[in-house]
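Reviewing the structure listed below.
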Amino acid sequence: MFQPDYEAMSRKDLEALQRERLQDTLDRVYHRVRPYRDKFDEAGFRPEMVHSPEDLHKAPFTVKDDLRAAYPYGMFASPMREVVRLHASSGTTGQVTVVGYTRADIERWSDLAARAIVAAGGTPDDVVQVAYGYGLFTGGLGLHYGCERLGAAVVPISGGNTHRQVQVMRDFQVTGLACTPSYALLIGETALEMGMDVREFPVRFGVLGAEPWSDNMRTQVEQILGITALDIYGLSEVMGPGVAFECECKNGLHVNEDHFIVEIVDPDTLEPLPDGESGEVVITTITKEAAPLVRYRTRDISRIVPGTCPCGRTSRRIERIGGRTDDMIIVRGVNVFPRQIEQVLVGIVGVAPHYQVVLTKRGAMDHAEVHVEIGPEVPFDEVKALENLRRTVAAEIASALAVSIDVKLVEPKSIQRSEGKARRVIDLRSEGGVQ
Amino acid sequence: MVEQLSVFLENTTGRLAELTRALGDAGLNMRALMVADTSEFGVVRVICDRPHAAADVLENAGFSASLTEVIAVEVPDRPGGLADVLEALGHAGINVEYAYCFVEPSADAAIDIFRVDDPVRAARVLAEAGIQLANADALYLPDSRPLSDIVDTGV
């Protein structure tokens, strides 16, 4: 354990700590964050109504739209002179949400990421290749600071250029890998294509996250790379990677409960659910200074894993994220909402706003393809015009979503119309498995 | 000027068969068919009996069909026959988008279909060069009304 005093503290002490920190956070947001004061007042909620985490359900929820409405800094509880870092996350309408960190926020985030690395077997002797994207996305820098906090040597290679990833992994004698699970798999496959076998490299463990994955995928990653692959959970609105992490027991992700209170609620009634039942993950930050959140609805689906973990950590665990309550999909680490695609399509002459996103596996990587119906006004005798149309749609989507998605033009009326909610996403990833 | 049926097709198995079956079931005969394809989709071009009726039949069968004006040239069946035509168009600065040809069994000539950027001027240029344009009624039964009208009036 990286911080056994906290990670293995008694439930009694932990709950006392949570009470104190939760109270501070509620006071902080009520007095410093205008949208929270308004929200609390409107709901008739006062911070002093909460005496323990069990009372938290009295507080109103925070949703992504609240953050969007406050863009960019309206939800900050610290003045800019105390903020030392900004990250951002993509949103449904192309509008990003911004999250700020004070120096102390960064310190705590580094600790929490270090906990995850240690839980995966990392030590100060390790050389960790961070192949998450660096930038506004929290993955790269989150794990980077965690490695440095632990004292491991960090290789800040960021994502992309997979041949170089393999080369560096071998030449630098890398022992730990941090990236998305699908990218880990691609690195392994690319090495094989290059005539190398990562299983013969010194790499031992992977801290993998930022996208949903299955146990099946874990097995594949572990086999092709010859590593122990563990899950790390986080979202930029809440902090970034390190909200929860798996230990070597591989039975749920330990929530860093000294910093976050996790509730599971019924996504329809929004009533809290008992431990063990699946629902939407709701997170309250209890130590964040710059961008605290109260009862943030993550839209991620999970459940509390009942019982205690043999690893000795006393924190409760959430099960690997099993899906979303909305239709968000993640393409190469980028959040994509089908509605964004729709908005792009209505602005283009020659295509109908009838579309489907088809997700498949192409090798290790998720592959997304948008099927778009051509409109009746298209001069479809000309292949050149159709090709231009296809390129226009692809370019507009890439520009609006910050990720490129293949576009396939399909015949008018060929996409199945639905009576109710249109089925915009066809996910064939698990059916085909990994080719 | 000749009317060609153009149909947009996804690259899916059996789609071309469905198209030809729909035309066949409606009693429409094809004189020529050309498929232009990319990896993602295809465009099928058809010279057939009663092109308006054919477009109507295909729309009703769920296809995207439209009519495109092309020029048809009777090219003498001898070496250099097609080159004469293309040179005449090229010298006049007329761009050929695509072309395909078929042979008339009854005649000693090939019929070349050209899609050009300026069909009216192309026809004039070819006439001036002494090249014979084929008439639509020599190739198919021209119709300007949908099939349903024709059936109703007993034609």
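All of the numbers you see were taken from the coordinates with simple rules; none came from a lab. The structure presented is a predicted model; accordingly, all values stated were derived computationally and were not measured. All Cβ positions, glycine included, derive from the backbone under ideal geometry; neighbour counts span all protein chains shown.
List of remarks:
- A simple rule links phi to the HN-Hα coupling: the Karplus curve 6.51 cos²θ - 1.76 cosθ + 1.60 with θ = phi - 60°, which for region B:136-141 gives 4, 6, 7, 9, 7, 8 Hz, with x for Gly and Pro.
- Sorting B:SER6, A:SER278, A:SER158 from the fewest to the most surrounding beta carbons within 10 angstrom yields A:SER278, A:SER158, B:SER6.
- Mean shadow area of region A:273-380, taken as a quarter of the surface of its Cα convex hull (nm²): 11.5 nm²
- Beyond 16 Å, the tail of the calculated P(r) for region A:330-432 holds 56 percent of the Cα pairs.
- Neighbourhood charge, 9 Å Cβ-Cβ cut-off, centred on B:ILE94 and excluding it, Lys, Arg +1 and Asp, Glu -1: -1
- If you take the alpha carbon atoms of region A:4-326 and fit the smallest convex hull around them, that volume is 127 Å³ per residue.
- Taking region A:1-125 and dividing mean pair separation by its residue count, relative contact order in percent (alpha carbons under 8 Å, at least six apart): 23 percent
- Couplings 3J(HN,Hα) of region A:354-371, computed from phi: 9, 7, 9, 9, 10, 9, 9, 9, 10, x, 7, 8, 5, 10, 10, 9, 9, 9 Hz, in residue order, whole Hz [Karplus 6.51 cos²θ - 1.76 cosθ + 1.60, θ = phi - 60°; x for Gly and Pro].
- Hypothetical label at A:ASP27: residues of region A:46-63 whose amide nitrogen lies under 12 Å (7 Å Cα-Cβ projection): A:47-48
- Fewest-first sequence of A:TRP109, A:TRP213 by Cβ atoms within 10 Å of each Cβ: A:TRP213, A:TRP109
- Mean Cβ neighbour count within 10 Å, used as a protection proxy, ranking A:387-398, B:77-88 highest first: A:387-398, B:77-88
- Near B:GLU74: Cβ cut-off under 13 Å, other residues only, Lys/Arg at +1 and Asp/Glu at -1. The net charge is -4.
- Folded to 0 to 90 degrees: helix B:119-128 orientation relative to chain B principal axis, Cα: 40 degrees
- Counting only other chain Cβ atoms within 10 Å of each residue's Cβ, the peptide B:63-69 averages 4.
- Mean Cα-pair separation over length for chain A, i.e. relative contact order, pairs under 8 Å, 6 or more apart, %: 14 percent
- Overall dimensions of the protein assembly as shown as given by Cα atoms, namely Rg and Dmax in Å: 31.9, 101
- Spin-label model distance (nm) - A:MET49 vs B:VAL103, 7 Å beyond Cα toward Cβ: 9.0 nm
- Region B:69-135 - Kirkwood radius from inverse mean 1/r over Cα pairs (Å): 11.8 Å
- Computed from Cα atoms, the angle from the helix B:51-60 axis to the main principal axis of chain B rounds to 40 degrees.
- Percent of beta bridges antiparallel (DSSP, region A:4-326, rounded to nearest 5): 65 percent
- Peptide A:375-388 shows a mean partner chain C-beta count of 5 within 10 Å per residue C-beta.
- Diffusion coefficient, µm² s⁻¹, Stokes-Einstein with Kirkwood Rh over alpha-carbon pairs of region B:2-68 at 10 °C and 1.306 mPa s: 136 µm²/s
- Stokes-Einstein translational diffusion, region A:361-416 - Kirkwood Rh over all Cα pairs, 1.002 mPa s, 20 °C, in µm²/s: 173 µm²/s
- Contact order normalised by residue count of chain B, Cα under 8 Å, 6+ apart, percent: 27 percent
- Put in order of Cβ neighbour count within 10 Å, fewest first, the listed residues A:ILE187, A:ILE264, A:ILE348 become A:ILE348, A:ILE264, A:ILE187.
- Antiparallel bridge percentage (DSSP; both residues within the protein assembly as shown; nearest 5): 75 percent
- Of every Cα-Cα pair in region A:74-218, the percent that sits beyond 28 Å: 23 percent
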